[in-house]
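Participant: The structure's right below; bear with me while I get my questions together.
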Amino acid sequence: MATALTKSNTSIVLSQPIPADQHPAAVYLASLSPGSKKTMRGALEMIAGLISKGRADAVTLNWAALRFQHTTAVRAALADRYEAATANKMLSALRGVLKAAWKLDQMTTDDYTRAVDIGGVTGETLPAGRALSLDEIEALLQACARDRTPAGRRDAALIALLRAGGLRRAEVCALKLADYDAGNRTLSVKGKRNKQRLVPLAQAAAFALEDWLAVRGSRPGALFCPVNKAGKVNVRRVTSQAIYNALAKRAQQAGVAELSPHDFRRTFVSDLLDAGADIATVQRMAGHANIQTTARYDRRGEKAKQAAAELLDVPYIRSEQ
């Protein structure tokens with residue numbers, strides 16, 4: 001196969017554009033979910049800039065020309081610039097593109113095998129985000145209850161669902177009315193890479209969702225919808241940014257510290273593990289591809305360290321102010 005990628009393995013910058021279905025980066029990105037695509041494209045842009053010293057981006061870099069010396073240098077640079085988790089995510093993108101180049105017959109098996117034979121970046125960082133307390137979640141729901149418009153019911157259902165189901169923002173946006181089984185109190189959720197799972201809901205979360213549906217109506221379509229200033233429900237998908245904005249608004253009204261939608265997911269996993277749920281069960285409920293991802297959400301180790309610290313006697317007496 002003679003393409004712009006294979007004519008010259010000495011140049012790491014493409015001499016001319018190639019079709020998207022023959023471009024390793026484009027083929028790799030097309031295989032990802034919408035949520036992952038943006039993140040991994042950003043990683044590839046950074047890597048392309050590093051390798052080419054700013055002469056190429058993800059589209060113009062000749063990915064098939066990369067060899068072990070290039071990927072090793074990328075790993076070293078990423079290890080210096082980023083935390084281990086971020087660096088490894090970027091290396092995963094690099095390996096994905098090289099695999100696409102190999103499958104497109106633009107790299108030999110030997111060149112591909114050598115290029116991807118780089119270890120991950122080691123290191124341990126503090127868990128990102130935070131877990132929400134039950135008091136904070138209650139305050140958020142009370143803020144929604146004070147709003148008598150349909151938006152109040154929608155946001156209460158959203159918060160109850162995030163609390164009880166630990167869904168990702170993209171998963172919430174993709175939910176349809178038909179995905180909710182009121183009789184069994186379950187949601188059919190499509191996660192990353194189109195993997196589907198059934199999410200059981202606690203009774204209180206189901207009540208919150210049904211109260212929202214009472215004002216949303218039975219028209220087929222998106223489960224969570226925009227509500228305009230006049231209180232009219234528009235049956236179309238709510239955006240990821242709209243979910244973020246709604247939670248920020250309710251947090252401000254409730255006097256709750258800054259939070260992100262993903263903090264509910266962290267809380268979901270942490271609280272289930274704290275309550276004694278089996279980690280393999282929690283993994284399936286959260287839709288994690290592997291159990292190591294679930295373990296990263298586990299805050300029990302931090303609590304155990306705090307309890308151990310309290311066992312040490314520190315003979316300090318505070319002076320009276």
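The values are calculated or read from the model by the stated rules, or taken from the named source; none is laboratory data. Keep in mind it's a predicted model, so treat the numbers as computed, not measured. Cβ sites come from the backbone with ideal geometry, for glycine too, and all protein chains shown count toward neighbours.
Participant: Can you tell me which residue is farthest from S188 (Cα to Cα) among those in region 268-316 that are surrounded by fewer than 13 Cβ atoms within 10 Å (Cβ to Cβ) and modelled with pLDDT of 85 or more?
Facilitator: Here the residue is A280.
Participant: Now for a different question. Just name the residue that is nearest to C144 (Cα to Cα) out of those in region 170-216 that are under 23 Å from the mean Cα position of the chain (by Cα) and loosely packed, with under 13 Cβ neighbours inside 10 Å.
Facilitator: Result: Q196.
Participant: Let me ask something additional. Looking at region 33-41, can you tell me whether even one residue there is assigned to a helix (DSSP H, G or I) and in contact with a Pro (Cβ under 6 Å, 6 or more places away or on another chain)?
Facilitator: If we filter region 33-41 for residues that are assigned to a helix (DSSP H, G or I), which is where we start, we get 34-41.
From the residues that got through so far, the ones that are in contact with a Pro (Cβ under 6 Å, 6 or more places away or on another chain) too are none.
Checked region 33-41: no residue is assigned to a helix (DSSP H, G or I) and in contact with a Pro (Cβ under 6 Å, 6 or more places away or on another chain).
Participant: Let me spell it out: the conditions are (1) farther than 30 Å from K190 by Cβ; (2) charged (D, E, K, R); (3) at pLDDT 95 or above, and R75 meets all of them except one. Which number is the exception?
Facilitator: Answer for R75: the failing condition is (3).
Participant: Considering only region 53-60, I want to know if a residue exists there that is assigned to a helix (DSSP H, G or I) and surrounded by fewer than 21 Cβ atoms within 10 Å (Cβ to Cβ).
Facilitator: In the first step, residues of region 53-60 are kept if they are assigned to a helix (DSSP H, G or I); the result is none.
No; the residues of region 53-60 include none that is assigned to a helix (DSSP H, G or I) and surrounded by fewer than 21 Cβ atoms within 10 Å (Cβ to Cβ).
Participant: Taking T267, is it in contact with a Leu (Cβ under 9 Å, 6 or more places away or on another chain) and not charged (D, E, K, R)? Talk me through it step by step, then tell me what you get.
Facilitator: Numbers: in contact with a Leu (Cβ under 9 Å, 6 or more places away or on another chain): yes; not charged (D, E, K, R): yes.
Judged against the criteria, T267 is a match.
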